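For reference, the structure discussed in these notes is given below.
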Amino acid sequence: MHPRPPLPGHPRIPAYLYAPPAKNELGSGDTVNRPEVAILHTTPTQTAVDDLEQRGPRAGTIGAGLSIVALLAVVYVGRAEVLMMPALGMTAITAAVIDARTLRIPNWLTGTGAVVFTVLSVHLVVVENAAWQPIVAGAAIMGGPLLAAHLVSKSRTPGLGDVKLATVLGAPLGAVSPAAAYWALLIAMTIGAAFGFIYQRATKRLAFPLGPAISLASVLTAFAFGLAGSNGVWAL
């Protein structure tokens, strides 16, 4: 069923966000004023997700990602973790944009990130003689609490995509210092809680995109530890 043209004075909503009403779904979530046509799902339909992902990143997104990558690389020049930072920046910015647009973090992104960080971690341990324990600790510190929250939460946040993203980004932060992963998690939860409260009040939805908070916190923490080192006020 295709949606009819919008009524005068009503905003035009992209057609790919329309779907036929599901059973018991009328009256819940965000709806259009003409329920005989369709309702607007509280999360994008698969068609919407596919459409948005096929568009690819915009020029602004690519520019922001490359800027973050370059700055992280500069901050970590001369340190063993320098190879991990560009990958962290690109993974974080890509996940943030996709999650904000689709409420999903695709498996291809977290899977690619896991492979890349695994290879770089092996390089650190074998070539740079770095310890492997901080890398594993970083992944566990960021991913573990979110996994526990996912298992006990009745809402869709945090989702498994959030758990996988936090675990993937926690590995390079752990390579810098396990304290970096701890601070990133703390900052992500603070930002996520504030944003989630506002988002839920505005949209009446239970689920909200946590990926941008995880990504922003990871990048900010990586910058902070790169500039200040893993000692001083940041150390546990």
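Read the figures in this text as sums done on the coordinates, not as results from a lab. What you see is a predicted model; the values in this text were computed from it and never measured. Here the Cβ is made from the backbone with ideal geometry for all residues, glycine too, and neighbour counts use every protein chain on show.
Miscellaneous remarks
- As a rough footprinting exposure proxy, the listed residues ILE105, ILE187, ILE68, ILE214 were ranked by other beta carbons within 10 Å of their own, and the order from fewest upward is ILE187, ILE68, ILE105, ILE214.
- Highest to lowest packing among 130-138, 96-104, 84-92, 197-205, scored as the average C-beta count within 10 Å: 84-92, 96-104, 130-138, 197-205
- Rounded to 0.05, the FRET efficiency of the LEU206 and ARG101 pair, given R0 = 22 Å and the Cβ-Cβ distance, is 0.70.
- Potential extension, LEU220-SER67 segment - 0.36 nm per residue separation minus Cα distance: 53.7 nm
- Per-residue 3J(HN,Hα) values for the stretch 89-95, derived from phi via the Karplus relation 6.51 cos²θ - 1.76 cosθ + 1.60 with θ = phi - 60°, read x, 5, 5, 5, 5, 5, 5 Hz in sequence order (x marks Gly and Pro).
- Between PHE195 and LEU227, the modelled label-to-label distance comes to 2.0 nm, taking each label 7 Å out from Cα in the direction of the beta carbon.
- Unit Cα scatterers, Debye sum, the stretch 57-231: log10 I(q)/I(0) for q = 0.12 Å⁻¹: -0.50
- With contacts taken as Cα pairs under 8 Å at a separation of at least 6 residues, the stretch 57-231 carries a relative contact order of 27 percent.
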